[in-house]
Amino acid sequence: MSLPKEFRYSEEHEWVKDEGDNLRIGITDFAQSELGDIVFVELPEVGDDLELDAPFGSVESVKTVSELYAPVAGKVVEVNEDLEDSPELVNESPHEKAWMVVVEPSDKSQLDDLMDADAYKEMTEDE
């Protein structure tokens, strides 16, 4: 399981990469492996507001549909449109090519409430 050390992680299996003014969000390698083959990704629109811990989209696999939960609150400034035509990128490259959205956070201190890679790894080992 790939876990970039510089990312932060939510209990709902989203990752957050701090890019200065904005935060890039996707789902973890663990989450995509649990879901199986991804066949569809539903994402918000640029300009939408994300509420902390509220659903902002979904990922559909051959096995199930799973909600995406916002690990931070903020305004969507970019959406990964590649996932519309190539949802399998979530399985192939969950941390590089398959990011979901870029958000301008309303309160960047919310990052402090997320797990580092070691804590996330420990949590997933218990599941």
Q: Determine which aspartates and glutamates satisfy two conditions relative to K63: a Cα distance under 20 Å, and not lying fewer than 8 residues away in the same chain.
A: E12, E14, D29, E34, D37, E42, E84, D85, E88, E92, E127
Q: Mind ranking R8, R24 by accessible surface for me, highest first, 1.4 Å probe?
A: R8, R24
Q) Long-range amide H contacts for D48: which residues qualify at under 5 Å (H placed 1.01 Å from N, peptide plane, sequence gap of 5 or more or a different chain)? A) V76
Q. Which of the trypsin sites (Lys or Arg not before Pro) found in the range 48-127 are loop residues per DSSP with 14 or fewer other Cβ atoms within 10 Å of their Cβ?
A. K63, K97
**Q.** Amide hydrogen neighbours beyond the local backbone of V39, cut-off 5 Å, H modeled
**A.** E60, S61, V62
Q: Can you list which of the GluC sites (Glu not before Pro) found in the range 9-61 are DSSP loop residues with at most 10 other C-beta atoms within 10 Å?
A: E45
Q: Report ³J(HN,Hα) in whole Hz for each residue of the range 88-95, in order, from the Karplus equation J = 6.51 cos²θ - 1.76 cosθ + 1.60 where θ = phi - 60°; Gly and Pro get x.
A: 5, 4, 4, 6, 7, 8, x, 9
Q: Under 23 Å Cα to Cα from K17, which lysines show up? Leave out anything in the same chain fewer than 8 places away.
A: K5, K75, K97, K108, K121
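Stokes-Einstein D for the chain at 20 °C, 1.002 mPa s, Kirkwood Rh over Cα pairs, in µm²/s?
On the way: Rh = 14.3 Å.
The Stokes-Einstein estimate is 150 µm²/s.
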Q: List, in order, the whole-Hz ³J(HN,Hα) value for each residue of the range 50-59 obtained from phi through the Karplus relation with A = 6.51, B = -1.76, C = 1.60 and θ = phi - 60°; use x for Gly and Pro.
A: 9, 9, 3, 6, 9, x, 10, x, 8, 10
Q | Hz values of 3J(HN,Hα) by residue in the range 25-33 - Karplus curve (6.51, -1.76, 1.60), Gly and Pro given as x | A | 10, x, 9, 6, 4, 4, 4, 5, 5
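How large, in percent, is the carbon and sulfur part of the accessible surface of the chain at a probe radius of 1.4 Å? Intermediate values should be presented prior to the final figure.
Numbers: 2690 of 6780 Å².
The value for the chain is 40 percent carbon and sulfur by accessible area.
The values are calculated or read from the model by the stated rules, or taken from the named source; none is laboratory data. All values derive from a computational prediction rather than experimental measurement. Methodologically, a virtual Cβ is constructed for each residue, glycine included, from the backbone with ideal geometry; neighbour enumeration extends over all protein chains shown. The accessibility values were calculated without ligands, DNA or RNA, using every heavy atom of the protein model including side chains. Shrake-Rupley method; radii C 1.70, N 1.55, O 1.52, S 1.80 Å.
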